[in-house]
C-alpha cells in the first residue's frame, strides 16, 4: 500500500513512511493511492472477531509494511478491556465499543455506539492509544526521537497526552485555546506532570492553534531539525484507526451483508466522519453519513449549498459543545480530493483559495469554482445543525426516556440523527465523550452533576501546569526549540 498527497507531491511513501508526520511536503494530506476493498466473504468472517482481531484485519489492508506478527501484537496490546475500562452499567467492556439500542419505532431504529470507555473518556482514545503504541514501536526500530506538536479543541489533547505520557523518545507539545475548554477537559491535560508533556494555552480559538501546527509542519527545515510529528487527525494513522469502529458498528447492527446502516457523527474537524467515508469507499454497506454540527456550521453549510466558507476567529462561536468549535475543517481536503476525482491540481488551487479568500464554491452557480457539489450525494453525505437549546433539550429527553446521560456533542448527533432516520436502515450515532467531561451543561440541562468514573472525582482540584502564549508561530517555535534542548 502506497500513499499519495491530496496536492500531488510526487513521492508515494508507505504507511510507516507517513506515520510519524502529518502534512505531506507540499502541504497536502495523505490518502491511499487506491482504497483497499473488503469482500462480503471477509465481512462474514469478521462478524465473530474480537475488536483487536478486527482491528488487525482492517489495519492489515493499510499498514502493509509492518510485519503481521508485530501489528497483531500492537493491536492486542491496545484494544483490551483493561484500557477501555470505563464502560457504563449494562455495557460489555470486552466489546470495546458496545452498541446500545436507543429508540425503535416501527422500522426506524436509532442506536448509540459507545466510543468513550478509554482513559480520557472520549472517542479520541480509540485511535490515540493505538497511535502511541505505533509511535513507540516505530521510533524504537529507528533508534529515533519525536517531538509531537498538536492542536486541540478539547479531547485530542488529553487523549494524545495520556497515550504518549512516559513513552520513550517522545515529547508532546499541545496547543489549546485558552479558557475555551470545559473545566474537566482543561484539568485532564494541565494536571499531567510528566516530564515529556508540555501544555500551551493559546490566546485565541482552536483554528489559531491548528494554523500554527500547519505552519510549523510546512516549515520543512524546522520540522526535520526538531523532529516534529503530529497526532492531529491530519495524521493518516489517526483516521485509519477510526475506520475500525465503523466496521464494528455495522457488524454489530446487522445480521447479513444485504443490510445497510447509516451513521451520524458530531463533526468539527471532519476527521471522525472522514473515517466513515473511507470505510464506505472500502465497500462497507453504509447508506448515509450524516454530519452533525453545532453553531459553527461550516460543514453543514457546504453539504447544503456546495459553498465552503471558513469563518474568522471573531466569527467562531464558543459553545457548550466546544470540541466542535471549529471553522476550518482540516480533514475536509481528503473528501474534496475524492469528490474532484483526485485532481490534485484543482485541490491545491481550491485550498490555496481558502487561505487567500476564505473558502471556495462548488455549487455550479455563476462565478463558482466548479459544479462537483452535484456529486456529493453519491457519497452518502447529509448534514444538520444543533444549537445550545437543542442539545439541552436532547440531553433532558434522552435522560427522561432512557435514564441515559449523554454529553453535549453526542446530543448534537442524536438531534440531527432523529431528523434523518430512514425506515429499514438503522442509524448509529457515534458517541463523542462521557457527560462528565461537560458537567457545566449537564447541570444546566438536568439540575444535577454527571456521573464520574472512578478516579476522576476531583480532577479539577489537581495542580495544573501550562503556559499561556500568544498565537504567534515564531514564539511557539522558540518554545519548542528551547524545551527539546532540555
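No lab work stands behind these numbers, since they all come straight from the coordinates. Just so it is clear, the model here is predicted, and its values are computed rather than measured. Cβ placement follows ideal geometry from the backbone for every residue including glycine, while neighbour counts extend to all protein chains displayed.
Tabulated values for the structure
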{"item": "Unmet criterion (only one of (1) under 27 Å from residue 337 (Cβ atoms); (2) assigned to a helix (DSSP H, G or I)) for residue 36", "result": "(2)"}
{"item": "Test: residue in segment 315-336 that is out of contact with any helix residue (DSSP H, G or I) (no Cβ under 7 Å at 6 or more places or on another chain), part of a loop (DSSP other than H, G, I, E, B) and either closer than 21 Å to residue 266 by Cα or without any contact (Cβ under 8 Å) to a residue 12 or more places away in the chain (or both)", "result": "yes"}
{"item": "Residues that are surrounded by fewer than 24 Cβ atoms within 10 Å (Cβ to Cβ) and closer than 14 Å to residue 322 by Cα, drawn from segment 154-179", "result": "178, 179"}
{"item": "Selection from segment 140-152 of residues that are surrounded by fewer than 24 Cβ atoms within 10 Å (Cβ to Cβ), assigned to a loop (DSSP other than H, G, I, E, B) and touching a strand residue (DSSP E or B) at 6+ places or on another chain (Cβ under 8 Å)", "result": "145"}
{"item": "Pair list, Cβ under 7 Å, 6 or more apart: segment 118-131 residue touching a residue at least 24 places away in the same chain (Cβ under 8 Å) and on the phi > 0 side of the Ramachandran plot, other residue buried (at least 24 other Cβ atoms within 10 Å of the Cβ) and assigned to a loop (DSSP other than H, G, I, E, B)", "result": "121/434"}
{"item": "Among (1) in contact with a strand residue (DSSP E or B) (Cβ under 9 Å, 6 or more places away or on another chain); (2) surrounded by 22 or more Cβ atoms within 10 Å (Cβ to Cβ); (3) touching a residue at least 40 places away in the same chain (Cβ under 8 Å); (4) over 21 Å from residue 84 (Cα atoms) - the single one residue 182 does not satisfy", "result": "(1)"}
{"item": "Residue in segment 286-298 that is closer than 25 Å to residue 391 by Cβ and without any contact (Cβ under 8 Å) to a residue 60 or more places away in the chain present", "result": "yes"}
{"item": "Filtered residues of segment 44-82 (kept if under 29 Å from residue 402 (Cβ atoms), surrounded by fewer than 17 Cβ atoms within 10 Å (Cβ to Cβ) and within 22 Å of the chain's Cα centre (by Cα))", "result": "81"}
{"item": "Of all residues making up segment 203-231, the number that are farther than 20 Å from residue 316 by Cα and in contact with a helix residue (DSSP H, G or I) (Cβ under 7 Å, 6 or more places away or on another chain)", "result": "9"}
{"item": "Selection status of residue 276, over 22 Å from residue 158 (Cβ atoms), in a helix (DSSP H, G or I) and within 14 Å of the chain's Cα centre (by Cα)", "result": "yes"}
{"item": "Residue within segment 371-390 that is in a helix (DSSP H, G or I), in contact (Cβ under 8 Å) with a residue 40 or more places away in the chain and under 30 Å from residue 87 (Cα atoms) present", "result": "yes"}
{"item": "Matching residues in segment 343-363 - criterion: being without any contact (Cβ under 8 Å) to a residue 12 or more places away in the chain and outside any helix (DSSP H, G or I)", "result": "343"}
